[in-house]
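A.B. asks: Input: one structure, supplied below.
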Amino acid sequence: MTIREAKPTDIAEIMLVMEAAKKIMRASGNMHQWTDGYPSETVITADMEKKSGFVIEDANKIVGYFAFLASPEPTYAQIYNGQWVDDVLSYHVVHRIASYPDVHGIFSTIMEFCFSRDTNIRIDTHRDNKIMQHNLQKHGFTYCGIIYLLSGDERLAYQRIK
């Protein structure tokens, strides 16, 4: 698998990956994350404009997507019921991880890419996203506490410093 920066011409394929990821979430009991059209083409386009949207390709076919954004993440300024592993160093945030259900190793591939560019990574996820929580623990992330999105929705926050 290879990772490259997403291009506007990829948007239709990225949206297909997003729909597949939503189906994975629903099938695993995560009914409330990524609802009401999120993530939209507008959100993905904004990632691209920041040069922070990436696709994962396998045999020249887009099989995954994620955003890799430089700090600060405004919703991470306040954390509840815990604390960040480090709250001084700059960091990158990984958002919108998505893939097709039959593609394996996506999370590991993304983490290898991200940690080759920054040693301090933060990620948040929905309480019902057991698949993501499992992957975060498996890859050495520490649960740090709760953050709230701009919408007010709660997310579990994780950090790993390599």
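A.B. asks: As an exercise, use a Förster radius of 30 Å and the Cβ-Cβ distance of Thr9 and Glu154 to find the FRET efficiency, rounded to the nearest 0.05.
C.D. replies: 0.25
A.B. asks: I would also like to ask the following. Can you give me the accessible area per residue for the chain, using a 1.4 Å probe, in Å²?
C.D. replies: Here the per-residue accessible area is 52 Å².
A.B. asks: Just grab the label-to-label distance for Glu57 and Lys130, each label 7 Å out from Cα along the Cβ direction, in nm (one decimal).
C.D. replies: 3.6 nm
A.B. asks: Figure the gain on full extension for Tyr80 and Glu19 (residue separation times 0.36 nm, minus the Cα-Cα span) and round it to one decimal in nm.
C.D. replies: Between Tyr80 and Glu19, full extension yields 18.8 nm more.
A.B. asks: Treating only the Cβ atoms of Lys and Arg (+1) and Asp and Glu (-1) as charged, compute the dipole magnitude of the chain about its Cα centre; round to the nearest 20 debye.
C.D. replies: 320 debye
A.B. asks: Now, a different point. Going by the alpha-carbon gyration tensor, a ≥ b ≥ c the square roots of its eigenvalues, is the stretch 1-126 rounded (a/c under 1.5) or, if a/c is not under 1.5, prolate (a/b greater than b/c) versus oblate?
C.D. replies: Prolate shape, in that a/c is at least 1.5 and a/b is the bigger ratio.
A.B. asks: Then there's this: Students often get this wrong: which residues of the stretch 63-96 have the backbone nitrogen under 19 Å from the point 7 angstrom along Cα-to-C-beta of Thr35?
C.D. replies: The answer is 96, whose backbone nitrogens lie closer than 19 Å to the label point.
A.B. asks: Turning to a different aspect of this structure: Carbon and sulfur atoms: what percent of the 1.4 Å accessible area of the stretch 1-110 do they account for?
C.D. replies: Taking all protein chains in place, the stretch 1-110 shows 54 percent carbon and sulfur surface.
A.B. asks: Among the lysines, which have Cα under 29 Å from the Cα of Lys162 when same-chain residues fewer than 8 positions away are ignored?
C.D. replies: Lys50, Lys51, Lys130, Lys138
A.B. asks: Ok, one more. Roughly how far apart, in whole Å, are the Cα centres of the stretch 119-158 and the stretch 50-116?
C.D. replies: Using only Cα atoms, the two centres lie 11 Å from each other.
The values are calculated or read from the model by the stated rules, or taken from the named source; none is laboratory data. Model, not experiment: these values are computed from the prediction. When we count neighbours, we look across all protein chains shown, and the Cβ atoms used for this are built from the backbone with ideal geometry, even at glycine. The protein model used for the area step is the full one, side chains on, heavy atoms only, and it has no ligands, DNA or RNA in it. Shrake-Rupley method; radii C 1.70, N 1.55, O 1.52, S 1.80 Å.
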